[in-house]
Amino acid sequence: MTDLVYVLNGPNLNLLGTREPEIYGRETLDDLRARTQKAAAAVKLAVDFRQSNSEGEIVDWIQEARSKAKGIILNAGGYTHTSVAILDALQAAEVPVIEVHLSNIFRRDQFRQHSYISLAATGVICGLGPKGYELAIESMAELIARRAKRT
Ligand code: CA2
């Protein structure tokens with residue numbers, strides 16, 4: 001059976017492609033979804049790609065991933081820098097987590113340079129724009145394959 005990966009996107013990422021192209025590029029969230037699904041098909045993964053502006057909904061999806069998915073790729077948007085609740089959910093999820101950001105958060109405001117999410121992440125990709133989602137998919141496929149060999 002094809003392994004399923006949750007690709008979760010946080011607040012304001014639904015605005016992609018409409019404003020701030022100098023920071024976030026010109027691709028829309030739908031473009032990003034298509035790109036991610038294509039990369040997943042190439043490594044034989046299935047993707048459930050979602051976006052929410054609500055912290056609680058993201059926590060619910062992470063809890064759901066524990067039983068439904070083999071891994072989580074997460075761009076938590078602004079919650080990256082604030083959310084202990086999302087960190088707690090990730091730490092309970094017991095599946096590999098890759099944190100992704102379109103922009104290089106270390107070249108931006110100081111408050112963006114700390115991530116709660118990173119404490120639960122196997123790896124972090126930032127600053128590479130939409131390509132980062134493809135790289136996250138490829139790396140997740142390897143993490144899942146490595147885990148399957150252990151069991
Ligand atoms: O670089 C990233 O992917 C971020 O996670 C994006 C978040 C930001 O708060 C993080 O520090 C870094 C913000 C997403 C907002 O997206 C917009 C897209 C277009 C127009 C306005 C906002």
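Values in this text are rule-based calculations from the coordinates and carry no lab data. This structure is a prediction, so every number in the text was calculated from the model and none was measured. Here the Cβ is made from the backbone with ideal geometry for all residues, glycine too, and neighbour counts use every protein chain on show.
Worth pointing out:
- Span-like helix ranges in the chain, DSSP H, alpha carbon extent 18 angstrom or more, Kyte mean at least -0.5: 131-150
- Over 21 Å [Cα-Cα, the range 17-103], rounded percent: 35 percent
- Annotation: average projected area of the range 3-150 is 7.9 square nanometres, based on the convex hull of Cα atoms across all directions.
- A full extension of the chain between E57 and L29 corresponds to an added length of 8.3 nm, given 0.36 nm per residue minus the alpha carbon distance.
- Label point distance in nm, R66-R147, each placed 7 Å from Cα along Cα→Cβ: 1.4 nm
- With both residues required to sit in the chain, DSSP beta bridges show an antiparallel share near 0%.
- Each of V5, V100, V43, V84 was scored by other Cβ atoms within 10 Å of its Cβ. Listed from fewest to most, they are V84, V43, V100, V5.
- Taking Lys and Arg as +1 and Asp and Glu as -1, the other residues whose beta-carbon sits under 13 Å from that of K44 total -1.
- Whole-angstrom gap from the range 1-22 to the range 54-84, using each part's C-alpha centre: 12 Å
- Neighbour-count order for S115, S103, fewest beta carbons within 10 angstrom listed first: S103, S115
- Loop sites by DSSP among the trypsin sites (Lys or Arg not before Pro) of the chain, restricted to those with at most 16 other Cβ atoms within 10 angstrom, leave 45-107 as the longest stretch without any of them.
- Neighbour-count order for M1, M140, fewest beta carbons within 10 angstrom listed first: M1, M140
- Proximal charge balance of A120 [Cβ under 15 Å; K/R count +1, D/E count -1]: -2
- Per-residue ellipticity at 222 nm, computed for the chain from helices alone with -39500 (n - 2.57) per DSSP H run of at least four residues, works out to -13000 deg cm²/dmol.
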